[in-house]
Amino acid sequence: MRSREPDWGELRDLEEALARLPAEQRSVLLLVGLEQFTYEEAARVLDIPLGTVMSRLSRGRERLRVLLSGDPRTATLKVVK
């Protein structure tokens, strides 16, 4: 079976989108999504509660989807005061 060639444009877009995430969301996404840590392992590594891992992961995934959608109207961060 032949492996698929990497799409360098997609990889660049993903790297840029990850860089735009808050550090807390990015760290959880990378531990769980890339490093294949369990939620429990990520919680121990980051010294945060399991529920916080789940929340940051959910928010990070959604934010990443928005950033990668290419719709500039939805790609701006909402400021909460």
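The values are calculated or read from the model by the stated rules, or taken from the named source; none is laboratory data. All values reported here derive from a predicted model rather than from experimental measurement. Note: areas computed on protein heavy atoms with side chains; ligands, DNA, RNA excluded. Shrake-Rupley method; radii C 1.70, N 1.55, O 1.52, S 1.80 Å.
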I'd like to verify a number: residues in the range 63-73 that are in a helix (DSSP H, G or I) and open to solvent by 50 Å² or more (accessible area, probe 1.4 Å), how many? 3
When only residues in the range 8-28 that are basic (Lys, Arg) and either open to solvent by 90 Å² or more (accessible area, probe 1.4 Å) or over 10 Å from the mean Cα position of the chain (by Cα) (or both) count, which is nearest to Asp71 (Cα to Cα)? Arg20
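Conditions (1) modelled with pLDDT under 90; (2) part of a helix (DSSP H, G or I); (3) open to solvent by less than 70 Å² (accessible area, probe 1.4 Å), marked per residue:
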| residue | (1), (2), (3) |
| --- | --- |
| Met1 | yes, no, no |
| Pro6 | yes, no, yes |
| Leu30 | no, yes, yes |
| Phe37 | no, no, yes |
| Ala42 | no, yes, yes |
| Val45 | no, yes, no |
| Arg56 | no, yes, yes |
| Arg61 | no, yes, no |
| Lys81 | yes, no, no |
